[in-house]
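Undergrad: Below you will find the structure I want to go over with you.
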Amino acid sequence: TTCNIMAISQANSDQVEQALKMLSETSVDVIYLVDSYGSLYPENASEFAKIYLKAVEGTNKKIGFHAHNNQNLAFANTIETLSYGVSFLDATVQGMGRGAGNCAMELLLGFLKNPKYNIYSLLQFIEKYMLSMKEQGVVWGYDLQYMFTGLLNRHPREAIDFTNSKRNDYFEFYKGLLDNY
């Protein structure tokens with residue numbers, strides 16, 4: 001069983017500590033650090049990873065990491081948390097996910113350089129399914145509107161609406177986000 005602590009970038013340290021203490025006393029197997037808004041930088045992700053790992057010392061619990069790619073940092077943040085001992089790493093094929101998407105599985109598997117991770121099947125899956133989805137107009141991945149919400153540590157709903165409306169007035173959109181900040 002896993003539990004995601006969402007929107008961690010907007011929580012204060014007392015809230016984080018309280019949530020981790022409470023979860024460390026439950027039967028949850030894995031506690032996930034989630035960069036819900038894609039606003040973390042590697043130095044933030046590593047600090048959170050250390051806090052989470054310390055909170056579960058002496059338990060059998062593991063820590064996971066789930067990154068959104070608003071600032072094109074999902075892969076960097078994932079491998080950063082791995083370097084501190086986070087052991088459950090979320091990734092999706094070609095980074096597919098809500099809005100800016102997630103850590104790209106093909107990048108992560110290539111980085112891990114583990115002989116048991118053969119990317120041949122993954123590449124066949126991409127060719128067979130993912131390319132046709134993109135050709136059909138399914139949209140995900142990094143773009144300016146998601147970068148803006150990541151920079152401002154905000155939920156990407158406005159960026160998703162911007163994308164769905166097929167807008168391209170990035171200056172006005174960003175200015176509007178700042179006006180409502």
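Undergrad: Using the heavy atoms of the protein chains alone and a 1.4 angstrom probe, what is the accessible area of the chain per residue in square angstrom?
TA: Spelled out: the 1.4 Å probe surface of the chain, per residue, equals 56 Å².
Undergrad: Let me ask something else about it. Tally up the carbon and sulfur contribution to the accessible surface of segment 1-103 as a whole percent, 1.4 Å probe, everything protein left in place.
TA: Reported share for carbon and sulfur atoms: 50 percent.
Undergrad: Same structure again: How many percent of the accessible area of segment 127-181 is carbon or sulfur, using a 1.4 Å probe?
TA: So the carbon and sulfur contribution to the accessible surface is 50 percent.
Undergrad: Which order, highest average first, do 6-15, 33-42 follow once you tally other Cβ atoms within 10 Å for each residue and take the mean per peptide?
TA: For the peptides 6-15, 33-42, the packing ranking is 33-42, 6-15.
Undergrad: Over 28 Å between Cα atoms, which of K54/K116; K61/K113; K61/K116 qualify?
TA: Going by Cα-Cα distance, K54/K116 fall outside the 28 Å limit.
Undergrad: A follow-up question, please. Taking the alpha-carbon centroid of each part, what is the distance from segment 91-160 to segment 45-85 in angstrom?
TA: Going from one Cα centre to the other spans 19 Å.
Undergrad: Subtract the Cα-Cα distance of S83 and N12 from 0.36 nm times their separation in residues, and report this length gain in nm to one decimal.
TA: Fully extending the segment from S83 to N12 adds 23.1 nm.
Undergrad: Any chance you could get the radius of gyration and Dmax over the Cα atoms of segment 50-131, in Å?
TA: Considering segment 50-131 through its Cα atoms, Rg and Dmax are 14.1, 45 Å.
Undergrad: More than 21 Å apart: what percent of Cα pairs in segment 1-157 qualify?
TA: The proportion of pairs with Cα distances above 21 Å equals 47 percent.
Undergrad: Please compute the modelled spin-label separation between Q136 and S165, points set 7 Å along Cα→Cβ, answer in nm with one decimal.
TA: So the label points at S165 and Q136 sit 2.7 nm apart.
Undergrad: Picking from V139, V56, V28, which is most flexible by a Gaussian network model of the chain using Cα springs under 10 Å?
TA: Judging by the Gaussian network model, the answer is V28.
Undergrad: Give the peptides 16-22, 167-173, 147-153, 98-104 in descending order of average Cβ contacts within 10 Å, highest first.
TA: 98-104, 147-153, 16-22, 167-173
The values are calculated or read from the model by the stated rules, or taken from the named source; none is laboratory data. Please read these numbers as outputs of a predicted model, since none were measured by experiment. Cβ atoms come from the backbone with ideal geometry, glycine included; neighbour counts cover every protein chain shown. Surface accessibility is based on the protein's heavy atoms, side chains included, excluding ligands, DNA and RNA. Shrake-Rupley method; radii C 1.70, N 1.55, O 1.52, S 1.80 Å.
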